[in-house]
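Taking it in order: structure first as structure tokens, then the write-up.
The values are calculated or read from the model by the stated rules, or taken from the named source; none is laboratory data. These numbers were taken from a predicted model, which means no experiment stands behind them. So basically every Cβ, Gly included, is an ideal-geometry build from the backbone, and we count neighbours across all protein chains shown.
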Amino acid sequence: MTQFGQHAAPTHVIAHISDTHFLSGDRTLHGAIATHANLLLALAQLERSGTRPAAIVFTGDLADLAEPGAYRSLREMVEPVAERLGAQVIWGIGNHDERLQYASELFDETMLFDETVESTPVPAQDRVYEVDGLRIIAVDSTVPGYHHGDLTDAQLSWLADELATPARHGTILAMHHPPIPTPIELMAVLELRGQDRLAEVIRGTDVRAILAGHLHYATHGSLAGVPVSVAAATCYTMDLSAPLHTLSGIDGGQAINLVHVYADQLVHSVVPIGGFAEISGFSALFLERMGALSPEERLEVFSSKASTMTIAEVEDGLRPSPRG
């Protein structure tokens with residue numbers, strides 16, 4: 001592929017999706033939100049774009065009521081798309097999920113349903129993934145029986161041990177509760193507790209980004225100098241312009257994120273879900289012809305305000321005349 005700018009191609013592309021809130025039987029959420037249709041549309045857009053992500057990362061609240069059938073529907077929808085894209089699926093757990101059903105339905109850990117161990121607490125669902133030299137750690141920030149987030153001492157100790165050895169392309173943490181402030185007062189009650197403790201663990205390590213969800217709107221921040229990127233939900237979003245910033249959920253603004261991993265930085269881009277009218281664009285042939293030009297010629301054709309070349313002329317293979 002032709003390099004049009006000063007940056008080389010990314011080493012990895014990650015699709016970041018959050019808060020699908022599936023219900024079993026394709027039921028609508030709150031009687032209004034077609035969660036299955038929204039995710040189908042998002043996945044179709046991802047396939048149509050030509051992007052080939054190395055991984056599709058889900059940051060929790062996969063099922064609204066933790067119904068086994070909801071997890072099965074999600075898996076049946078996502079896994080074929082991931083296979084076609086050649087992407088690894090990374091599941092994260094959220095406060096609407098339950099560890100027992102999550103582990104059984106998404107990781108086939110059916111032994112957890114054994115009646116002899118039902119009273120035994122299901123362990124935190126922390127997992128480590130290796131994606132072509134990029135380490136992605138799914139961190140379970142849930143608190144059983146509650147909607148706010150927290151991390152136990154044991155989890156933080158485990159994470160510190162994992163991070164003691166750097167990965168070739170660094171590490172991304174994927175967790176549900178974002179370790180940044182929220183301007184929505186009520187949502188702040190449900191934030192991740194002990195964010196300073198997590199900051200101490202990741203400070204000075206190879207963690208390059210933290211991906212999160214939970215808030216139902218896209219936002220960004222940082223923790224211990226590490227960028228935090230929150231993906232808006234695919235189900236419904238929060239209206240930050242609502243009076244007093246109350247928890248006003250709306251059927252609009254749904255999106256997924258794309259994470260482009262470069263040698264020296266990560267770039268997070270919001271991709272709105274839905275069909276929109278195209279008002280301008282360039283053909284694949286135009287892109288091909290531009291790729292055949294020298295960098296200097298491309299600047300004259302595409303950057304110079306004095307350029308007189310038309311799209312048709314570029315597609316016909318004409319080259320810009322030297323300017324004196």
Of residues in the stretch 265-309 being more than 34 Å from the chain's Cα centre (by Cα) and surrounded by fewer than 11 Cβ atoms within 10 Å (Cβ to Cβ), the one nearest to Tyr236 (Cα to Cα): Lys305
Is it the case that the stretch 242-256 has a residue that's free of Cβ contacts under 8 Å to residues at least 40 places away in the same chain, in the same structural domain as Val131 (by TED's automatic domain parsing), surrounded by 19 or more Cβ atoms within 10 Å (Cβ to Cβ) and on the phi > 0 side of the Ramachandran plot? yes
Could you grab the pairs with beta carbons closer than 6 Å, sequence gap of 6+ or different chains, first residue in the stretch 306-319 and farther than 12 Å from Ser283 by Cα, second one of a type outside the set (A, V, I, L, M) and part of a loop (DSSP other than H, G, I, E, B)? Met309/Pro320
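Look through His147, His216 and report the one residue that is in contact with a His (Cβ under 9 Å, 6 or more places away or on another chain) and assigned by TED's automatic domain parsing to the domain that holds Glu98. Walk me through it before giving the result.
Values: His216 fails: in contact with a His (Cβ under 9 Å, 6 or more places away or on another chain).
His147 is the lone residue from the list that is in contact with a His (Cβ under 9 Å, 6 or more places away or on another chain) and assigned by TED's automatic domain parsing to the domain that holds Glu98.
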Answer with yes or no whether Ala42 is in contact with a strand residue (DSSP E or B) (Cβ under 8 Å, 6 or more places away or on another chain) and under 25 Å from Leu215 (Cβ atoms). yes
If Ala66 satisfies every condition in (1) touching a Pro at 6+ places or on another chain (Cβ under 8 Å); (2) over 20 Å from Val259 (Cα atoms) but one, which is the exception? (1)
Looking at the stretch 10-35 only, could you name the residues that are among the hydrophobic types (A, V, I, L, M, F, W, C), over 20 Å from Glu76 (Cα atoms) and out of contact with any strand residue (DSSP E or B) (no Cβ under 9 Å at 6 or more places or on another chain)? Ala32
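Does the stretch 186-200 include one or more residues that are without any contact (Cβ under 8 Å) to a residue 12 or more places away in the chain and farther than 21 Å from Trp91 by Cβ? Before you say what the answer is, go through the steps one by one.
Our first condition is that a residue be without any contact (Cβ under 8 Å) to a residue 12 or more places away in the chain; within the stretch 186-200, this holds for 188, 196.
Now narrow it down to the ones that are farther than 21 Å from Trp91 by Cβ: 188, 196.
For the stretch 186-200, residues without any contact (Cβ under 8 Å) to a residue 12 or more places away in the chain and farther than 21 Å from Trp91 by Cβ: present.
How many residues are assigned to a helix (DSSP H, G or I) and touching a Ser or Thr at 6+ places or on another chain (Cβ under 6 Å) if we restrict to the stretch 148-174? Even if it seems obvious, please write down each step before you answer.
Step one: of the stretch 148-174, the residues assigned to a helix (DSSP H, G or I) are 153-163.
Add one more test, that the residue is touching a Ser or Thr at 6+ places or on another chain (Cβ under 6 Å), and what stays is 163.
Number of matching residues: 1.
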Taking the residues in the stretch 153-179 that are closer than 21 Å to Gly133 by Cβ and among the charged types (D, E, K, R) as candidates, determine which candidate is surrounded by the fewest Cβ atoms within 10 Å (Cβ to Cβ). Asp161
Tell me, which helices (runs of 4 or more DSSP H) wholly within the stretch 274-324 include 2 or more residues that are touching a helix residue (DSSP H, G or I) at 6+ places or on another chain (Cβ under 8 Å)? 284-292, 311-315
